[in-house]
Amino acid sequence: MPAAHIVSTGTALPGDAIDNEIMAGKLGISAEWIEMFIGTRKRHFAIDLETGKPTHTLADLGAQAGAQALARAGIEPEELDFVILATATPDTLMPATVNLIASRLCVNHVSTYQLQSGCAGAVQALDLARRLLDDQHRLGLVIGGDVSVKHFVADREMQGVSTAELVNYVLFGDGAGAIVVTADAVPGSLLLRQVLNRFTGLGRAPGQVVRWFGAGDLARTESEPDPPFEEDYKAIEERVPPLAKEALDEVLSSTGWDRESASYLLPPQLSGRMTSRIAADLALGHAAEISCVAETGNTGNATPFFQLDLLYDRIRPGERAVAIAIESSKWIKGAFTVEGM
């Protein structure tokens with residue numbers, strides 16, 4: 001398998017940051033509860049919070065992030081050999097959002113792929129990208145993004161809403177991130193050393209479910225339909241930390257690194273509170289933590305690319321970083337290692 005090098009990054013967030021005071025006033029809860037229970041201070045939504053009207057689509061955000069990554073790399077769209085999008089929240093089932101993004105970027109006559117997954121989708125996209133690189137495919141654009149706010153009702157009456165459902169309103173944010181990958185060694189790039197992508201949910205109930213409904217589904221529903229978005233937060237708190245430890249040990253072993261050799265740790269970005277706890281539990285020597293969730297919210301597939309964006313300007317030649325992403329939908333552990341060139 002040819003080496004894969006990350007030569008640039010790009011990010012996109014919709015609108016102004018929504019802090020806990022604004023969220024508290026909107027939901028009728030206290031900002032202190034959000035800070036203590038979630039630990040996330042800000043998030044960005046692809047809707048106008050007052051009217052509920054959409055302001056950005058995933059295609060909008062993906063194209064912005066992709067254009068930034070291409071510009072930073074000095075790459076023209078026609079030079080790309082493939083485009084990959086990882087998302088749990090496509091704009092439509094058809095056409096695939098990756099093709100809308102490609103069209104906006106003026107990319108044509110290339111292979112496109114869309115991976116339907118949650119947080120681990122970004123790692124799956126990296127895995128696919130490195131496998132696509134060969135003598136004929138030297139350059140690719142990889143995007144991860146989600147617009148979770150489409151599942152939330154802006155003017156909903158929140159009294160009586162369970163904590164398990166309410167937490168989603170303050171936990172998630174919308175956004176997209178992108179990287180340019182190439183098979184060619186470039187000074188200052190990140191060398192993708194190893195990728196771990198493991199389904200580990202055999203016999204386990206999903207920790208998170210995102211439903212979609214066709215017109216026929218709604219017409220046949222006589223009682224109140226199932227909520228479009230729900231999660232078992234207790235199961236996530238219980239299962240994610242040990243899965244993160246497993247992923248860390250596996251990816252370090254497959255890369256041939258010891259725990260003290262990593263300069264940076266990109267931990268799972270579930271929430272500000274859980275991320276801090278998981279990073280402490282991993283105890284990765286002196287590695288500096290690269291996190292963003294407290295300021296962006298959990299942006300799903302965009303999050304690992306936001307972390308890579310923060311890492312890109314900090315890592316120096318020879319320094320090593322390990323990233324972990326755990327998906328609770330049906331339990332997937334993902335991780336990757338990179339080294340500064």
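The values are calculated or read from the model by the stated rules, or taken from the named source; none is laboratory data. Remember, predicted model here, so these are calculated numbers, not experimental data. Cβ placement follows ideal geometry from the backbone for every residue including glycine, while neighbour counts extend to all protein chains displayed.
Observations on the model:
- Look at (1) among the hydrophobic types (A, V, I, L, M, F, W, C); (2) exposed (fewer than 15 other Cβ atoms within 10 Å of the Cβ); (3) part of a loop (DSSP other than H, G, I, E, B) and you find that Leu49 fails only one, number (2).
- For Val240, the conditions (1) buried (at least 18 other Cβ atoms within 10 Å of the Cβ); (2) at pLDDT below 95; (3) not assigned by TED's automatic domain parsing to the domain that holds Thr57 are fulfilled apart from (2).
Conditions (1) under 22 Å from Ala122 (Cα atoms); (2) crowded, with 24+ Cβ neighbours inside 10 Å, marked per residue:
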site	(1), (2)
Ser253	yes, no
Trp257	no, no
Ala280	no, no
Ala283	no, no
Ala294	yes, no
Pro304	yes, yes
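- With respect to (1) of a type in the set (Gly, Ala, Ser); (2) without any contact (Cβ under 8 Å) to a residue 24 or more places away in the chain; (3) surrounded by 15 or more Cβ atoms within 10 Å (Cβ to Cβ), the lone exception for Ala215 is condition (3).
- Test: Leu166 is hydrophobic (A, V, I, L, M, F, W, C), surrounded by fewer than 21 Cβ atoms within 10 Å (Cβ to Cβ) and in the same structural domain as Ala12 (by TED's automatic domain parsing): yes
- Being buried (at least 18 other Cβ atoms within 10 Å of the Cβ) and at pLDDT 90 or above is not true of Leu202.
- Verdict on Leu49 being at pLDDT 90 or above and assigned by TED's automatic domain parsing to the domain that holds Arg104: no
- Remark: pairs (first residue in the stretch 254-265, within 15 Å of Leu192 (Cβ to Cβ) and assigned by TED's automatic domain parsing to the domain that holds Phe336; second residue surrounded by 14 or more Cβ atoms within 10 Å (Cβ to Cβ) and of a type in the set (S, T, N, Q); Cβ separation under 7 Å; 6+ apart in sequence or on different chains) = Ser254/Gln194; Thr255/Gln194; Thr255/Thr337; Trp257/Thr337.
- Residue identified as among the hydrophobic types (A, V, I, L, M, F, W, C), touching a helix residue (DSSP H, G or I) at 6+ places or on another chain (Cβ under 8 Å) and part of a strand (DSSP E or B) among Val209, Val167, Val180: Val180
- Complete set of residues in the stretch 206-225 that are of a type in the set (S, T, N, Q) and at pLDDT 85 or above: Gln208
- Meets criteria (modelled with pLDDT of 95 or more and closer than 30 Å to Val161 by Cβ) for Pro267: yes
- Scanning the stretch 260-312 for residues that are at positive phi and under 14 Å from the mean Cα position of the chain (by Cα) yields Gly297, Gly300.
- Enumeration of residues in the stretch 137-153 that are farther than 19 Å from Arg211 by Cβ, of a type outside the set (D, E, K, R) and either in contact with a Cys (Cβ under 6 Å, 6 or more places away or on another chain) or modelled with pLDDT under 95 (or both): His137
- Test result for Asp134, surrounded by fewer than 24 Cβ atoms within 10 Å (Cβ to Cβ), closer than 21 Å to Ala3 by Cα, at pLDDT 95 or above and acidic (Asp, Glu): no
- For the stretch 289-314, residues that are of a type outside the set (Phe, Trp, Tyr) and over 22 Å from Glu250 (Cβ atoms) total 14.
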